[in-house]
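Novice: Structure below; questions to follow.
The values are calculated or read from the model by the stated rules, or taken from the named source; none is laboratory data. All of these numbers come straight from a predicted model, not from anything done at the bench. Cβ coordinates were reconstructed from backbone atoms using ideal geometry, including for glycine residues, and neighbour counts include every protein chain displayed.
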Amino acid sequence: MATKILLVKTSSLGDVIHALPAISDIRSVAAGGLIDWVVEEPLLAIPRLHAGVTRVIPVAIRRWRRTFWRASVRDEIRAGMRRLREQNYDAIIDAQGLFKSALIAAAARGTRYGLDFHSAREPLAFFYHRTFRISWQLHAVERNRLLLAQALGYDVPQRCDYGISAAPQRFDWLAAGPYAVLLHASSGAYKLWDEQNWIALGHALNSAGAHCVLPWGSARERERSARIADKLRAAVVPPALNLENLAGLFAGAKSVAGVDTGLTHLAAALGVPTVGIYCATDPAATGLYGCARALNLGGIGAAPTAAQVIAALEKLAS
């Protein structure tokens, strides 16, 4: 089996988290190898949570596209390409399946593996030395696991292990005692759960003795956090938090409830009791997966009720 591996999985947050079990698989069948990971710079914290990742190589494709005309940015791109080529890899695996990730894989030195014409969102087979057909019917986690297993020549282990952990972090703005995290925000408005449902959930959590924490990522999301918190007896809108802070926040939480967003997947991957709330997407394809303390509710056009989410959190706590 290859001992020097480069994984290209650059974004988004949920997609990066879905690739973590594949790293655990490799470590379980071939401990001691070198595994480098190429990822977008805002997501560096996620691969670094996994002990099996040797080196995380940042790229900034989105930022570079916007500012390519700057000489400093072109210098940064050249430096990034040099980092990619510092190592001769036995296997370079593009698990993203997009034109940008295929270009990154092509810039590195080694044998390139990727998805075939039927398995990727873009026709990229000519970038790779070898391709594999991976069914779209599989959950995203299993697609990643199967791609890496076929590329490296091992059988997918039965157990799904995200392989990450975080220490609970205390914050000056957070009152002592148990708390639950409510992840109401999403980049897609169609994924949102009605604010009245969040308020009803918050009341139930308050009655059970838990504070509610409502993180946010944009000004509009902060306003929504504030509206929900204003209706609750014990709730806080935190300052802006980075991924390291959020991992520490989740690690100390009694529970997490969240819509279809990468942060909900992060909480579940860390082993926190987590309920995924699906209003417009199918959890069978990209829902919380392989986590013993996680449940998915809802689906396309079938948002769960507040009572259903409350009952699911109670079940996870029992």
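Novice: Scan region 95-114 and report the pairs whose first residue is within 17 Å of Thr3 (Cα to Cα) and assigned by TED's automatic domain parsing to the domain that holds Ala79 and whose second residue is of a type outside the set (Asp, Glu) and part of a loop (DSSP other than H, G, I, E, B), with Cβ atoms within less than 6 Å and a gap of 6+ or a chain change.
Specialist: Every condition considered, the pairs that remain are Arg109/Arg85; Thr111/His129; Arg112/Tyr128; Arg112/His129; Tyr113/Tyr128.
Novice: If you take the residues in region 273-301 that are closer than 23 Å to Ile199 by Cα and without any contact (Cβ under 8 Å) to a residue 24 or more places away in the chain, which one is farthest from the chain's Cα centre (by Cα)?
Specialist: Step by step, filter region 273-301, then rank; the result is Gly301.
Novice: Pick out the one residue from His265, His203 that is over 22 Å from Leu43 (Cβ atoms) and either assigned by TED's automatic domain parsing to the domain that holds Glu41 or of a type outside the set (D, E, K, R) (or both).
Specialist: Checking each option against the conditions leaves just His203.
Novice: Is it the case, given these coordinates, that Ala60 is in contact with a strand residue (DSSP E or B) (Cβ under 9 Å, 6 or more places away or on another chain), farther than 24 Å from Leu152 by Cβ and buried (at least 16 other Cβ atoms within 10 Å of the Cβ)? Don't jump to the end; show me each part of the working.
Specialist: Working: in contact with a strand residue (DSSP E or B) (Cβ under 9 Å, 6 or more places away or on another chain): yes; farther than 24 Å from Leu152 by Cβ: yes; buried (at least 16 other Cβ atoms within 10 Å of the Cβ): yes.
Yes.
Novice: Ok, one more. Counting just the residues of region 1-59 that are within 13 Å of the chain's Cα centre (by Cα) and among the charged types (D, E, K, R), which one comes out farthest from Glu86 (Cα to Cα)?
Specialist: Asp15
Novice: Might you let me know whether region 47-55 holds any residue that is surrounded by 19 or more Cβ atoms within 10 Å (Cβ to Cβ) and of a type in the set (Lys, Arg)? Don't jump to the end; show me each part of the working.
Specialist: Kept after step one, since they are surrounded by 19 or more Cβ atoms within 10 Å (Cβ to Cβ), are these residues of region 47-55: 47, 49-50, 52-53.
Subsequent filtering for residues that are of a type in the set (Lys, Arg) retains none.
Checking region 47-55: not a single residue is surrounded by 19 or more Cβ atoms within 10 Å (Cβ to Cβ) and of a type in the set (Lys, Arg).
Novice: Also, quick follow-up: Output the number of residues of region 162-201 satisfying the condition of being crowded, with 16+ Cβ neighbours inside 10 Å and of a type in the set (D, E, K, R).
Specialist: Of the residues in that region, 1 qualify.
Novice: Sort through Asp94, Asp90 and tell me the only one that's out of contact with any Phe, Trp or Tyr (no Cβ under 8 Å at 6 or more places or on another chain), under 19 Å from Leu34 (Cα atoms) and at pLDDT 95 or above.
Specialist: None of the other options fit; the residue is Asp90.
Novice: In region 193-233, what residues are among the acidic types (Asp, Glu) and in contact with a helix residue (DSSP H, G or I) (Cβ under 7 Å, 6 or more places away or on another chain)?
Specialist: Across region 193-233, the qualifying residue is only Glu195.
Novice: Can you tell me which residue among Ala219, Ala210 is over 18 Å from Phe250 (Cα atoms), without any contact (Cβ under 8 Å) to a residue 60 or more places away in the chain and among the small types (Gly, Ala, Ser)?
Specialist: Ala219
Novice: Condition check: closer than 20 Å to Leu13 by Cα and either more than 21 Å from the chain's Cα centre (by Cα) or part of a loop (DSSP other than H, G, I, E, B) (or both). Does Arg121 satisfy that?
Specialist: yes
Novice: Being in the same structural domain as Leu138 (by TED's automatic domain parsing) and touching a Ser or Thr at 6+ places or on another chain (Cβ under 9 Å) is true for just one of Ile17, Ile61, Ile57. Which residue is that? Please lay out each step first, then the result.
Specialist: Values: Ile17 fails: touching a Ser or Thr at 6+ places or on another chain (Cβ under 9 Å); Ile57 fails: touching a Ser or Thr at 6+ places or on another chain (Cβ under 9 Å).
Of the residues listed, the single one that is in the same structural domain as Leu138 (by TED's automatic domain parsing) and touching a Ser or Thr at 6+ places or on another chain (Cβ under 9 Å) is Ile61.
Novice: Is it the case that some residue within region 128-139 is in contact (Cβ under 8 Å) with a residue 12 or more places away in the chain, over 21 Å from Gly153 (Cβ atoms) and touching a helix residue (DSSP H, G or I) at 6+ places or on another chain (Cβ under 6 Å)?
Specialist: The answer is no, given that none of the residues of region 128-139 is in contact (Cβ under 8 Å) with a residue 12 or more places away in the chain, over 21 Å from Gly153 (Cβ atoms) and touching a helix residue (DSSP H, G or I) at 6+ places or on another chain (Cβ under 6 Å).
So that you can scan it fast, the table gives a plain yes or no per residue for (1) touching a Ser or Thr at 6+ places or on another chain (Cβ under 6 Å); (2) among the hydrophobic types (A, V, I, L, M, F, W, C); (3) outside any loop (DSSP other than H, G, I, E, B):
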residue: Arg170; (1), (2), (3): no, no, no
residue: Tyr190; (1), (2), (3): no, no, yes
residue: Trp193; (1), (2), (3): no, yes, no
residue: Trp198; (1), (2), (3): no, yes, yes
residue: Leu201; (1), (2), (3): no, yes, yes
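Novice: So Ala166 fits all but one of (1) within 20 Å of the chain's Cα centre (by Cα); (2) not in a loop (DSSP other than H, G, I, E, B); what number is the exception?
Specialist: Just one mismatch for Ala166, condition (2).
Novice: If we keep just the residues of region 180-219 that are hydroxyl-bearing (Ser, Thr, Tyr) and more than 30 Å from Val53 (Cβ to Cβ), which is farthest from the chain's Cα centre (by Cα)?
Specialist: Result: Ser207.
Novice: Between a residue in region 238-255 that is over 20 Å from Pro42 (Cα atoms) and touching a residue at least 40 places away in the same chain (Cβ under 8 Å) and any residue that is small (Gly, Ala, Ser) and assigned to a helix (DSSP H, G or I), which pairs come within a Cβ distance under 7 Å, given they are 6 or more apart or on different chains?
Specialist: Ser255/Ala317
Novice: Got at least one residue in region 94-112 being within 21 Å of Pro21 (Cβ to Cβ), crowded, with 23+ Cβ neighbours inside 10 Å and over 22 Å from the mean Cα position of the chain (by Cα)?
Specialist: No, there is no match, as no residue in region 94-112 is within 21 Å of Pro21 (Cβ to Cβ), crowded, with 23+ Cβ neighbours inside 10 Å and over 22 Å from the mean Cα position of the chain (by Cα).
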